[in-house]
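Trainee: The structure follows.
The values are calculated or read from the model by the stated rules, or taken from the named source; none is laboratory data. Computed from a prediction, not measured in an experiment: that's the story for all the values here. Backbone-built Cβ (ideal geometry, glycine too); neighbour counts: all protein chains shown. Side chains included, ligands, DNA and RNA excluded: accessible areas come from the protein's heavy atoms. Shrake-Rupley method; radii C 1.70, N 1.55, O 1.52, S 1.80 Å.
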Amino acid sequence: MWVLGYDSVGSYRKKGEPFFGALIGRYGNRIGKGKFTLDGKEYTLQLNDGVNTLHGGTDGFFSKVWEAKQLDSQKLELSYVSNDGEAGYPGKLDVKVTYTLTDDNALQIDYLATTDKTTVVNLTNHAYFNLNGEGNKTILDHELTIDANAYTPVDSTLIPTGKLTPVAGTAFDFNKAKTIGKSIEESDQQLKFGKGYDHNFVLTHHDGKTPVATVKSPVTGITLEVYTTEPGIQFYSGNFLTGADKDGKGGKSYPHRSAFCLETQHFPDAPNHANFASTVLKPGETYKTSTTYKFLK
């Protein structure tokens, strides 16, 4: 297997669990100081990442039991109703997420949501990959390409500054394939803030038809291609994994930088940055995005 996880449901609910394979919402990634303003009203969220809100807060979608419906032999539909005020977010949000296993070795994830009150929404998936095989001790040897000419730099609490910074000439340039480990130890303030890569990349193309990221394992030869309709992708190099627990699949531990995430998304803290693509959803509108993870060998 190439995706990290547990054998026990209980392990997914333990304190400090790093969102292995989780469905993330109502707002994926971080919101600075857990606050944003909509239509002149300030909303306060749950703080679960120091002074910030991460992946929806302590009552994020990752902690919920969803209604599951198997539509056919290759398709699963998950539904959830997030009530007005849940975790501090306005509006009753009706969500459907459909997982489809395709005939060409891909997992397609389609997200839909509607609201009865103006709100913000940013849904994503938090799978951790190691294409050498989950439980392998490193992903630094994986070759990565990201189709992005800019990224959103962060402050010391990993909240975007609001700038879009060109990747050219920096450790963040993955337009040509290079190993994840090649530049990760460079003397770069951004890498120090993230303890490695934990940054949002501004995608050049996001039509759902062109790969936005490609990763290849030198051990297995397996290649992962990511397609999305989202404008950004968070590349996380597993910097906060410790390997302290041995409750992974088959009793394995997951040490530092033994997995990576490619979380397709709108930008972190977008409600507080007018120059970022809007994450506002209004009554009568439909939130609709799609992401595909395709495996080749």
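Trainee: Considering only residues that are among the acidic types (Asp, Glu) and within 16 Å of THR289 (Cβ to Cβ), look in region 70-124 and name the one that is least open to solvent (accessible area, probe 1.4 Å).
Mentor: Ranking the candidates gives GLU77 first.
Trainee: Within the set of pairs 6+ apart or on separate chains, which have a first residue in region 62-78 that is touching a residue at least 40 places away in the same chain (Cβ under 8 Å), a second that is open to solvent by 80 Å² or more (accessible area, probe 1.4 Å) and in a loop (DSSP other than H, G, I, E, B), and C-beta atoms under 8 Å apart?
Mentor: That search, which allows pairs on different chains as well, returns SER63/ARG13.
Trainee: A further question on this structure: Would you tally the residues in region 173-182 being free of Cβ contacts under 8 Å to residues at least 12 places away in the same chain and surrounded by fewer than 16 Cβ atoms within 10 Å (Cβ to Cβ)?
Mentor: Selection size over region 173-182: 1.
Trainee: Also: Return the residue satisfying two criteria in turn: it lies in region 15-32 and is without any contact (Cβ under 8 Å) to a residue 40 or more places away in the chain and more than 18 Å from GLU134 (Cβ to Cβ), and of such residues it is farthest from the chain's Cα centre (by Cα).
Mentor: LYS15
Trainee: If only one of THR214, THR223, THR204 is open to solvent by less than 30 Å² (accessible area, probe 1.4 Å) and either under 30 Å from SER8 (Cα atoms) or under 19 Å from the mean Cα position of the chain (by Cα) (or both), which one is it?
Mentor: Of THR214, THR223, THR204, the one residue that is open to solvent by less than 30 Å² (accessible area, probe 1.4 Å) and either under 30 Å from SER8 (Cα atoms) or under 19 Å from the mean Cα position of the chain (by Cα) (or both) is THR223.
Trainee: Can you find, within region 31-56, the residue that is farthest from THR279 (Cα to Cα) among those that are of a type outside the set (A, V, I, L, M) and open to solvent by less than 20 Å² (accessible area, probe 1.4 Å)?
Mentor: ASN52
Trainee: Separate question: Any residue in region 223-248 that is under 19 Å from GLY208 (Cβ atoms) and in a loop (DSSP other than H, G, I, E, B) sitting within a Cβ distance under 7 Å of a residue that is open to solvent by less than 20 Å² (accessible area, probe 1.4 Å) and at pLDDT 95 or above? List the pairs, counting only those 6 or more apart or interchain.
Mentor: Sorted first by the residue in region 223-248, then by its partner, the pairs are THR229/THR289; GLU230/THR264; GLU230/GLN265; GLU230/THR289; GLU230/THR291; PRO231/LEU203.
Trainee: Same structure, new question: Among the residues of region 54-77, write down those that are polar (S, T, N, Q) and part of a loop (DSSP other than H, G, I, E, B). Quick ask: steps written out before the conclusion?
Mentor: Taking region 54-77 as the starting set, the residues that turn out to be polar (S, T, N, Q) are 58, 63, 70, 73-74.
Passing the criteria: THR58, SER73, GLN74.
Trainee: Still on this model: If you scan region 149-172, which residues turn out to be open to solvent by less than 70 Å² (accessible area, probe 1.4 Å), hydrophobic (A, V, I, L, M, F, W, C) and farther than 18 Å from SER183 by Cβ?
Mentor: Listed by number, the residues that qualify are LEU158, ILE159.
Trainee: Only residues that are open to solvent by less than 10 Å² (accessible area, probe 1.4 Å), of a type in the set (Phe, Trp, Tyr) and outside any loop (DSSP other than H, G, I, E, B): list them for region 183-201, please.
Mentor: Listed by number, the list holds a single entry, PHE201.
Trainee: Now a separate question. How many of the residues making up region 268-282 are in contact (Cβ under 8 Å) with a residue 12 or more places away in the chain and farther than 23 Å from ASP84 by Cα?
Mentor: Number of matching residues: 4.
Trainee: Name the residues in region 236-287 that are within 30 Å of LYS216 (Cα to Cα), among the hydrophobic types (A, V, I, L, M, F, W, C), modelled with pLDDT of 95 or more and open to solvent by 50 Å² or more (accessible area, probe 1.4 Å), would you?
Mentor: Listed by number, the list holds a single entry, PHE240.
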